[in-house]
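Here's the structure we're looking at; comments come further down.
The values are calculated or read from the model by the stated rules, or taken from the named source; none is laboratory data. Given the structure is predicted, the values throughout are model-derived calculations rather than measurements. Positions of Cβ are generated from backbone atoms using ideal geometry, with glycine treated the same way; all protein chains shown enter the neighbour counts. Please note that ligands, DNA and RNA were not included when accessible areas were found on the heavy atoms of the full protein model with its side chains. Shrake-Rupley method; radii C 1.70, N 1.55, O 1.52, S 1.80 Å.
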Amino acid sequence: MAANSFMVPLGTPAPAFDLTAIDGGSVSLEDLKGSPASLVVFLSNHCPYVRHIESGLGALAKDYGARLSIVAICSNDSVNYPDDDPTHLAEQAARAGFTFPYLLDDTQEVAKAYRAACTPDFFLYDEQFRLVYRGEFDGSRPGNGVPVTGSSLRPAIDALLDGGQVPERQNPSLGCGIKWKPGNEPVA
């Protein structure tokens, strides 16, 4: 079932995390320190909305290179959704050309802290880890014929990197709701 992102208030500080990556290493929010822009993306492998934009996200990462720190986080219940287990996430990363760490939020506490609602869900932070953008990658959705370009997210990244003002008018992301473990659903 499709869900929209919660549109967390702009200026909200990034919650800390320290998560295991699909390659076995670990990555924390502190590891992104010093980057002028950091993108935290909640993804999954099985979601058709993510699959629709995943190559575009891989291209975005290559286009911005070291100027933008990116981490992807999968918070889905991989027991009930085995396509979102580490092996399948690694296949996705290779397929989509991801050059950034893909992290596992097995407890789902990081998704709750970020108020992530769907996959994909994008959170862009400035150098002080203050939220400047949350919302969609672009207006493309499976079957709507709109090209995958990142046309909503890229201008926000460009404005942040160029020292400009990120537009406050932002559209929520739309995707598959996060697959919460039984009894772990966030309280509204």
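You will find that of A113, A117, A159, the residue that is small (G, A, S), surrounded by 15 or more Cβ atoms within 10 Å (Cβ to Cβ) and under 14 Å from V8 (Cβ atoms) is A117 and no other.
Might you let me know whether region 136-143 holds any residue that is touching a Pro at 6+ places or on another chain (Cβ under 9 Å), outside any loop (DSSP other than H, G, I, E, B), at negative phi and of a type in the set (F, W, Y)? No, region 136-143 contains no residue that is touching a Pro at 6+ places or on another chain (Cβ under 9 Å), outside any loop (DSSP other than H, G, I, E, B), at negative phi and of a type in the set (F, W, Y).
Only one entry of S38, S44, S55, S28 meets the criterion of being out of contact with any Pro (no Cβ under 9 Å at 6 or more places or on another chain), of a type outside the set (A, V, I, L, M) and farther than 24 Å from E127 by Cβ, and that entry is S55.
Filter region 35-66 for residues that are farther than 23 Å from A3 by Cα and of a type outside the set (G, A, S) and give the result. Within region 35-66, P36, L60, K62, D63, Y64 qualify. Of all the residues in region 39-59, those that are in contact with a strand residue (DSSP E or B) (Cβ under 8 Å, 6 or more places away or on another chain), open to solvent by less than 20 Å² (accessible area, probe 1.4 Å) and not polar (S, T, N, Q) number 8.
A single member of P167, P147, P172 is under 15 Å from the mean Cα position of the chain (by Cα) and assigned to a loop (DSSP other than H, G, I, E, B), and it is P172. So, R130, is that one open to solvent by less than 60 Å² (accessible area, probe 1.4 Å), of a type outside the set (A, V, I, L, M, F, W, C) and modelled with pLDDT of 90 or more or not? For R130, the condition - open to solvent by less than 60 Å² (accessible area, probe 1.4 Å), of a type outside the set (A, V, I, L, M, F, W, C) and modelled with pLDDT of 90 or more - is not met.
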